[in-house]
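Worksheet for the structure shown next.
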């Protein structure tokens, strides 16, 4: 007798609840395509399910689909008006998208729904702060702290808000409290060091840097700044770790900060190039040494047949790349880069990069080697209020140089036709920062 063939059944379908759990797991593992698919499977069974719409919104947000994420989260709230997590994430997505008024409105709804939840108050306060509503942000943050006295994020955000209000003593107090709550976190210490240093309270700044260094042994920034605040003997240069860490940290806000300081160094160099070369003819091979975010490169481009930028900070180079000014951008230490570039460039500019070198003999010799016969070098340095005989590391973490020292180093490196002009580089603490614009050439 013939055995009956076993019929294959329909594929097993997971329940919507099981699909949602898979979506949540995939999302936590950053497997976003799989999470999205699982959300869709869950919603196929329950199209109006707030929790599944919420998770889909989070997935879309992480994939960069902000408009879709907002739509998902708004739909989750429409079908679940008491479902608080969707309000919180909708507010965060609207904030990220720059729709601050809408974010504030959503966070207010969340706080009506959960009036005793400090997280919602904290998020509302951050949106208010970023929207310029600083006084209300302070009130809301104090309310959040009243609900949870050891709330680290609220104390940190209170410090940031008070900093925006220019209330430095109260801001320092908030950051100190945040540091007491989470002593292993570096962020409040970075801000405290900045506040105390700008207030010229070197003892407290030093304390903040030392605590920071205990958390991050070998940290480039605190290690260098401790030397700047305590040592009577200047090192020959700032460490590579300090320069990289410092500029990576500020890369995203660097141009905005310089604009507020009325930064003039790139324009001063460009004006000197115009005086020497005349109208641009795109005929020079130019190196922008320590190019940063590319503010100088944009001005140098008209004279350049080929423009190369080199910098230690990958964060800075990412911004320089967006200018479109450079033919080549290289992440490397300057002296290492120059060591293999004998006779490569017609012009090298070093705009506010030698302020992180004390001893200029080696870098100027390296520049001279990389410049062709008859080529030129332009750079800026800080002079400080009292000119040192040679160079000195100051409490800012930057070096200042004396005119005679610059003349000596340029001459030793073989530069002729030297021009050293006192200039104002920028403003700091409502005071001008003095420096030198230096122009020098090699014999043809």
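Nothing in this text is a laboratory measurement; each read-out follows from the coordinates by a stated rule. Every value quoted in this text rests on a predicted model; they were computed, and no experiment measured them. Glycine also receives a Cβ, built like all others from the backbone with ideal geometry; neighbour counts cover every protein chain displayed.
One chain, two ends: residue 17 and residue 421. Fully extended at 0.36 nm per residue, the span grows by 138.1 nm beyond their Cα-Cα distance.
For the chain, the spread of Cα positions along the three principal axes, ordered from largest to smallest, is 100, 67, 43 Å.
Packing here is the average count of other Cβ atoms within 10 Å per residue, and on that basis the peptides 403-413, 291-301, highest first, run 291-301, 403-413. Compared with the dominant principal axis of the Cα atoms in the chain, helix 134-147 is inclined by about 50°.
Ordered by the number of other Cβ atoms lying within 10 Å of each residue's own Cβ, fewest first, 155, 303 fall into the sequence 303, 155.
A Gaussian network model of the chain, with springs between Cα atoms under 10 Å, assigns the largest mean-square fluctuation among 40, 108, 211 to 40. In the calculated pair-distance distribution of region 115-174, the portion above 20 angstrom amounts to 14 percent of the Cα-Cα pairs.
Each peptide in 428-436, 279-287 gets a packing score, the mean of other Cβ atoms within 10 Å over its residues, and the list from highest to lowest is 279-287, 428-436. Can you give the % of DSSP beta bridges in the chain that are antiparallel, to the nearest 5? That works out to approximately 50 percent antiparallel. Peptide packing for 333-340, 361-368, 350-357 was compared via the average number of neighbouring C-beta atoms within 10 Å per residue; ordered from the highest value, the list is 350-357, 361-368, 333-340.
Out of every Cα-Cα pair that region 36-109 contains, those further apart than 20 angstrom amount to 22 percent. Between 0 and 90 degrees, the angle of helix 32-45 with respect to the longest Cα principal axis of the chain falls at about 20 degrees. Compactness ratio for region 256-441: Cα radius of gyration over 2.2 N^0.38 Å (N = residue count) comes to 0.95. Expressed to the nearest 5 percent, the antiparallel share of DSSP beta bridges inside region 256-441 is 50 percent.
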